[in-house]
Amino acid sequence: MKNGKRSMGARLGRVALALSVGVALGAAGTEARGEDLASVVARAREQVESGAFADALRTLNTLPKSELPPTLAVEAGLLETQAALVTRGEAAGAQACTKAVVAAGYDPEVARDQSPKVRAACRTAAESARKERIERAGVKLSDLEIEAPEVAWAPVRISATASVAPPWLRVIARVRSSAIEGSFDLPLAPSPDGPLRGTLDPSFIRPKAKLDITIVAQDKFGDLATTALTKSLMVPAQEAIVALGDVPGSAVVLVDDKPVDPDDDGRVAVEPGKHEVEMQVDGATSSTTVTVQRGSVARVALSPTKGGGRTFAWIATGLTVGLGAASGVFLYTAASRTSEIEDLAALREPGTSLPATDYAEIKARDDERRTFQTVGLGLAIGGGVMGALALTFWLLPSGGGKKAAKKDAHLAPVVVPYIGPGSVGLSGTF
């Protein structure tokens, strides 16, 4: 049994040793292969430097097509470019540099440290390779949409659609403005609902300027393809607008006491700042004050009414005051009845501890207390509701102008609570 265990241990030891040797040999082989590739490139470099360009091309052709490390592949591609330019011409040199361009991540300046001829050949190669890259990826840009602004100095939203979006792809909107020299690029980013979107800063949206917007595909090195997706946009002259919505045909609209003509959508162009807006329809008026920022649209709702727009506000305010006063009277009376009940309950017959007040009398006073308290609480609740209504009326735009305001003051209601034997209530004029 012991011999069996020793035999099994020996076999396992030999297997482990064999695996270790295999791994070591594999690593050594990989390292040796890397050294072999580097030595091939080094030999080609020496041949190029000595002017043996044909020999350098033959040496470089012995390298594998797809197993070179990126740094080694770039150097090999540049050496092949130099040799091809001398022996075969510019077209062959550009074709050879494609290998260096791809190995460098499609960098068009991969030959920045080389001679002018090599740099030119590699730029030509990069232009062709980068174009093939976007075509091979199947990128299609479409559906350019521009949200036209209502006023100048307002943001403009742009969207487009990409059929596929590889990680290296960038899509921009190139904008040219008649009011600004040159062009500027707006990056478009993916949105949750799918399209690529971007927003032009309001500072570029100058009054009366013409904007030409083109969608361009890019990678990190610059333009890949300029698409045919181009649209133009004229920026409005107005810098601020008051929007009234539906305006009756018979209505007269005034801004700062001057008549104006709203467009078909009920909009009036104004200067940025504070304005008094008024609408008159068949003798009824309504007005409000609005502050409009540059590059914005202020939406105003006016409902002209006759006879002064503050009448209901005054009525509601008067009722609030009256109900509050009446509630106070009733609650005070209920408190007085409580005190009277306590005094009656404390009375005793002379020389005894017997109550001197009949239970029926105490109960009658308590019934009165309950009635006053219930009515007082009801009036208090009604006063609160009426107060909220009054506040709403006061916050609504005025509907009657200056003359109507005087009429409203004349019609201010008077409310007076009254208390009589067996009855309570309110009286007043409205």
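The numbers here are math on the coordinates, done by the rules we state, and not lab data. Remember, it's a predicted structure, so these values are computed and weren't measured experimentally. All Cβ positions, glycine included, derive from the backbone under ideal geometry; neighbour counts span all protein chains shown.
With θ set to phi - 60°, apply the Karplus curve 6.51 cos²θ - 1.76 cosθ + 1.60 along region 139-152 and write out the HN-Hα couplings as whole Hz, x wherever there is a Gly or Pro.
Calculated HN-Hα couplings, in order: 6, 10, 9, 7, 6, 6, 10, 10, 8, 5, x, 7, 9, 6 Hz.
At a 10 angstrom cut-off on C-beta neighbours, averaged per residue, how do the peptides 94-105, 178-189 rank from highest to lowest? Present the calculation step by step, with values, prior to reporting the outcome.
Values: 94-105: 22.8, 178-189: 12.7.
Descending packing order for the listed peptides: 94-105, 178-189.
Taking the simple approach of a point 7 Å from Cα along Cα-to-Cβ for both Ser142 and Thr371, what is their distance in nm?
8.4
Enumerate the aspartates and glutamates that Lys65 could reach by cross-link, defined here as Cα to Cα under 17 Å, with residues fewer than 8 away along the same chain left out.
By straight Cα distance, Lys65 reaches Glu35, Asp36, Glu75, Glu80.
Going Cα to Cα from Lys363, which aspartates and glutamates come in below 17 Å? Please leave out same-chain ones fewer than 8 positions away.
Partners within reach: Glu340, Glu342, Asp343.
Along Cα→Cβ, 7 Å out, is where each label goes; now give me the distance between the ones at Glu271 and Arg176 in nm to one decimal.
3.6
Which aspartates and glutamates does Lys131 reach when only Cα atoms under 12 Å apart count, and residues fewer than 8 places away in its own chain are ignored?
Asp219, Asp223
Listed highest first by mean packing, meaning other Cβ atoms within 10 Å per residue, what order do 46-59, 313-326 come in?
313-326, 46-59
What net charge do the residues around Gly266 carry, taking every other residue with its C-beta under 12 Å from that of Gly266, with Lys and Arg at +1 and Asp and Glu at -1?
Spelling it out: positives minus negatives among the neighbours equals -3.
Pop the C-beta distance of Asn61 and Phe221 into the FRET formula with R0 = 45 Å and round what comes out to the nearest 0.05. Provide the component values of the computation, followed by the final result.
Values: r = 29 Å, r/R0 = 0.64.
About 0.95, to the nearest 0.05.
Of the listed pairs Lys140/Lys210; Lys140/Lys220; Lys117/Lys231; Lys117/Lys220, which have alpha-carbon separations greater than 29 Å here?
Table pairs above 29 Å Cα-Cα are Lys117/Lys231.
Any idea which of Val164, Ala148, Ser191 is furthest toward the positive side of the dipole for region 141-191, if Lys and Arg beta-carbons carry +1 and Asp and Glu beta-carbons -1?
Val164
Can you compute the modelled spin-label distance between Ala189 and Phe393, with each label point 7 Å from Cα toward Cβ, in nm?
Label at Ala189, label at Phe393, 5.1 nm between them.
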